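Scroll down for the structure; my scribbles are underneath it.
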Amino acid sequence: MRWVAFIASILLGITISLVIGWMLIPPAADQVTPAALRADYKTDYVLMAAEAYQNDADIVAAARRLALLSNQAPLYLVQEAILNAGQLGYTQQDVDWLAVLAQALEAWAPLPGGSTP
Amino acid sequence: MSERRRPYYLITGLVLGLLLGMLYARAINPPVLVNLTPGRLNPVDQDQYRLMIALAFQADSDLGRAIARLDLLGDNPLADLASQAQRMLAGGGSMEDARALALLAQALAQPSIPVATLEPSPTETPSPTITPELPTLTPSPTLDLAAVVHSPTLSRTPLQGASPTGAATYTPRPTNTPQPTAGAPFLPVESKAVCDVPGAAGRLLVEVQDAAGTPVAGVRIVVSWPGGQDEFFTGLHPQIDDGYADFSMSEGVIYSIRAGEGGQATAGISTSGCGAGVLGGWSVLFQQP
């Protein structure tokens, strides 16, 4: 009987800790990275990278900026942004900018398997 | 009569459980935040986000969009842009990035541009049409870019060939903030000691203007002295003047200063221009011919 109560008290302690650690105490601010951004903000970030690329035509800098968002290939991020741009109602100009960056990235570092059917 | 034993084992179990749970919840499997706004980013990434806004503004000149993006950071955009540019310069960061921040700060400080100077976007049409192929695409390596772009060339101006259905909801923006024109170096037209201006003691006050006398933001200023050099930009103090910049001088050091690329330097600048024992300032005006 005592062992059962002991184990039950451990489980109660674990439960309390998990509630506190996961739900009541948010992660420190320095742990919040761009990867945690909402999808529409990520899409806007990619658009900003595409706009910056329009200005400096520096594909290495563009890839470095995109790398902050995710470990995925920069080209994949831009392709995903193009799809989201359609759903978010971006203008054709925005989509053009994204597509230009996608093409530049494809020429610079194509995804495995290519990007055309 | 038996003595009633206190349940220390329950307290021990509870404490043990708390420790194990906390270890798991904070170290082994910490909570992952998702769907956040840019305002929740850590300070370093907020700076990067702000820089991206400035770089994008350089490309699209859409101040309304830049303001909307800056608002997501939930800060004082003007002060933060200027502060970040100065930190970037002090830390040996990219000059171009600092200049982009300074230009956006200057644009924010001067929101009301005369309508006559606005240049409408060449694709400004009211219909927000998206090409019908977009919804059928999936995020995969097989994405066909030709389906989503009308002129898929690596052009710096991709909209020139956009079809009439291409839409743009941009606010017409001025395409030219006062900036130095290539081939027109800034020349020092006035360089003098400043003795009676409050707050000018020990400071080098710089003003950069174009040929018409309009203050110019984003001009790189290089200050040199025996054994050292520093550089900064105009436009970081828009509350004073778009073409204004200043520098803190040390006593007993003779400085020279140059504005922009290929500009002419002026020398003999020091804090002693107001007489021996008096900490003076110095004012230099650069202008394009």
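Report the paramagnetic label zone for A:Asn55: residues of region B:214-251 whose backbone N is under 17 Å from a point 7 Å from Cα along the Cα-to-Cβ axis.
B:217-220, B:233-236, by backbone N distance to the label point.
Projected onto the charge dipole of region B:8-111 (+1 at Lys/Arg Cβ, -1 at Asp/Glu Cβ, origin at the Cα centre), which of B:Val15, B:Val32, B:Met95 gives the Cα projection farthest towards the positive end?
The residue sitting farthest along the positive end of the dipole is B:Val15.
Using C-alpha positions alone, give me the convex hull volume of region B:1-105 per residue in cubic angstrom.
Values: hull volume 18.2 nm³, N = 105.
Once divided by residue count, the hull of region B:1-105 is 173 Å³.
Report the label-to-label distance for B:Arg26 and B:Asp71 in nanometres (one decimal), using points 7 Å from each Cα along the Cα→Cβ vector.
With each label point 7 Å from Cα toward Cβ, the separation is 3.8 nm.
I need the calculated FRET efficiency for the pair A:Ala67 and A:Leu12, taking r as the beta carbon distance and R₀ as 56 Å, to the nearest 0.05. Write down the numbers at each step before the final one.
On the way: r = 44 Å, r/R0 = 0.78.
E between A:Ala67 and A:Leu12, to the nearest 0.05, is 0.80.
Check which residues have an amide H placed less than 5 Å from B:Leu36's amide H, if you skip close sequence neighbours.
Residues meeting the criterion, in which the H sits 1.01 Å from N, are A:Leu37, A:Arg38.
For chain A, with only Lys/Arg (+1) and Asp/Glu (-1) charged at the beta-carbon, what is the dipole magnitude about the Cα centre, in debye rounded to 20?
700 debye
Roughly how many nanometres apart are two label points built 7 Å out from the Cα toward the Cβ at B:Ala211 and A:Arg38?
Computed distance between label sites B:Ala211 and A:Arg38 equals 5.0 nm.
Taking only the C-alpha atoms, wrap a convex hull around region B:187-287 and report its volume per residue in Å³ as a whole number.
Dividing the Cα hull volume of region B:187-287 by its residues yields 90 Å³.
Where does chain A land on Rg(C-alpha)/(2.2 N^0.38 Å)?
Scaled against compact globular proteins, the figure is 1.63.
By per-residue mean of other Cβ atoms within 10 Å, what is the highest-first order of B:54-63, B:81-90, B:6-15, B:245-254?
Final packing ranking: B:54-63, B:81-90, B:245-254, B:6-15.
Mind checking the angle between helix A:39-56 and chain A's longest principal axis? C-alpha axes, 0 to 90 degrees, to the nearest 10.
30 degrees
Let's test the formula: R0 of 60 Å, r as the Cβ-Cβ distance of A:Trp108 and B:Val189. What FRET efficiency results, to the nearest 0.05?
Calculated value: 0.80.
Taking the Cα-to-Cβ direction at B:Leu78 and at A:Ala5 and moving 7 Å from each Cα, how far apart do the two end points lie in nm?
So the label points at B:Leu78 and A:Ala5 sit 6.9 nm apart.
Would you mind checking which residues have amide H under 5 Å from B:Asn42's amide H? H placed 1.01 Å from N; only 5 or more apart, or other chain.
Close amide H contacts, sequence-distant or interchain: A:Val32.
Would you mind working out the magnitude of the charge dipole of region B:187-287 relative to its Cα centre, with +1 at each Lys and Arg C-beta and -1 at each Asp and Glu C-beta, to the nearest 20 Debye?
It works out to roughly 200 debye.
Find which of A:Ala39, A:Thr91, A:Ala102 sits farthest along the positive direction of the dipole of region A:34-108, computed with +1 on the beta-carbon of Lys and Arg, -1 on that of Asp and Glu, about the Cα centre.
A:Ala39
Taking R0 as 35 Å, what FRET efficiency do you get between B:Val222 and B:Asn42 from their Cβ-Cβ distance, rounded to the nearest 0.05?
E between B:Val222 and B:Asn42, to the nearest 0.05, is 0.60.
Read the figures in this text as sums done on the coordinates, not as results from a lab. On a predicted model such as this, the values are computed, not experimentally measured, just so you know. Cβ: placed from backbone, ideal geometry, glycine included. Neighbour counts: every protein chain shown.
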